[in-house]
């Protein structure tokens with residue numbers, strides 16, 4: 001009542017009962033227990049949960065408020081590191097970040113690959129967008145977080161062969177990107193570890209788990225973010241299974257990249 005700036009008389013009017021009934025309910029001697037109707041009406045009027053009023057929960061928020069806080073749906077623009085992604089990375093600085101990307105992660109790409117990929121969407125503003133995002137990409141590469149990245153094997157195989165999503169990507173740019181990956185792995189390992197799993201045995205939707213804070217699904221046009229502990233733990237176990245069954249560990253990846261580079265050359 002104090003937090004809601006309410007009086008006994010005001011609350012009694014709001015819940016449709018008389019002041020004496022409410023006064024008896026608020027006495028510490030427990031001689032009169034409130035009815036379910038009174039409890040529900042008080043919870044609704046005060047904006048708290050009935051479970052909290054009964055001492056069954058340590059969270060005063062209503063069930064609807066808790067659900068709303070634990071799940072959010074936000075638009076995912078087709079762009080380099082957008083406001084949501086960057087804010088989530090900043091919030092999780094210092095925690096382990098687990099990531100299953102849609103394709104090669106933007107923070108691992110060369111500028112020429114970014115230009116090739118984003119030009120159809122951004123047109124003449126591609127270079128401006130890349131330059132504007134450079135500081136954010138560098139911040140993510142050099143943040144104090146540990147990064148574990150799990151990708152399906154076919155992603156790098158398709159990239160090296162210039163097929164599928166990467167059809168039309170010049171040989172020189174593919175070689176340059178492989179060399180850039182090798183450099184980043186050498187520079188950032190073990191703080192950044194990349195694993196490759198066999199998509200014929202395992203599947204994962206694009207997802208990022210920001211430590212114990214939240215897990216975020218990428219649906220193409222939107223981000224679906226979960227902040228409740230149970231879902232974060234489920235997604236963490238899922239990601240750990242991708243790592244356990246990876247066909248190429250972080251230690252194996254450089255040798256695999258050299259083989260792919262030789263095939264390109």
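Debye-formula intensities of segment 8-61, expressed as log10 I(q)/I(0) at q = 0.20, 0.28, 0.31 Å⁻¹, are -0.69, -1.19, -1.29 (one equal scatterer per alpha-carbon, no solvent). Once you sort the root eigenvalues of the Cα gyration tensor of segment 131-265 as a ≥ b ≥ c, which label holds: rounded (a/c under 1.5), prolate (a/b larger than b/c) or oblate (the other case)? It is prolate, given that a/c is not under 1.5 and a/b is the larger ratio. Spacing of the modelled spin labels on residue 165 and residue 40, each 7 Å from Cα toward Cβ, amounts to 5.0 nm. Counting every other Cβ atom within 10 Å of each residue's Cβ, 110, 208 order from fewest to most as 110, 208.
If you average the sequence gap of Cα pairs under 8 Å that are 6 or more apart and divide by the length of segment 121-193, what percent do you get for the contact order? Don't skip to the answer; put the middle values down first.
Working: 24 pairs, mean separation 23.7, N = 73.
Contact order relative to length: 32 percent.
Subtracting the Cα-Cα distance of residue 180 and residue 142 from 0.36 nm times their residue separation leaves 12.1 nm of extension gain. Computed from Cα atoms, the angle from the helix 36-46 axis to the main principal axis of the chain rounds to 60 degrees.
Going through (i) 19.1; (ii) 17.7; (iii) 13.6, the figure that equals mean projected area of the Cα convex hull in nm² as computed for the structure here is (i). Counting only DSSP beta bridges whose two residues both lie in the chain, roughly 65 percent are antiparallel. Against the chain, whose longest principal axis comes from its Cα atoms, helix 229-244 is set at around 20 degrees.
When a/c reaches 1.5 or more, the comparison of a/b and b/c decides; with that in mind, is segment 178-241 rounded, prolate or oblate per its Cα gyration tensor? Write out the running numbers ahead of the final one.
Values: a/c = 1.87, a/b = 1.64, b/c = 1.14.
Since a/c reaches 1.5 and a/b is larger than b/c, the shape of segment 178-241 is classed as prolate.
A Gaussian network model of the chain, with springs between Cα atoms under 10 Å, assigns the largest mean-square fluctuation among 221, 16, 168 to 16.
Since every read-out is calculated from the coordinates, none of them should be taken as a lab result. If you're wondering where the values come from, they're calculated on a predicted model, not measured in any experiment. Cβ sites come from the backbone with ideal geometry, for glycine too, and all protein chains shown count toward neighbours.
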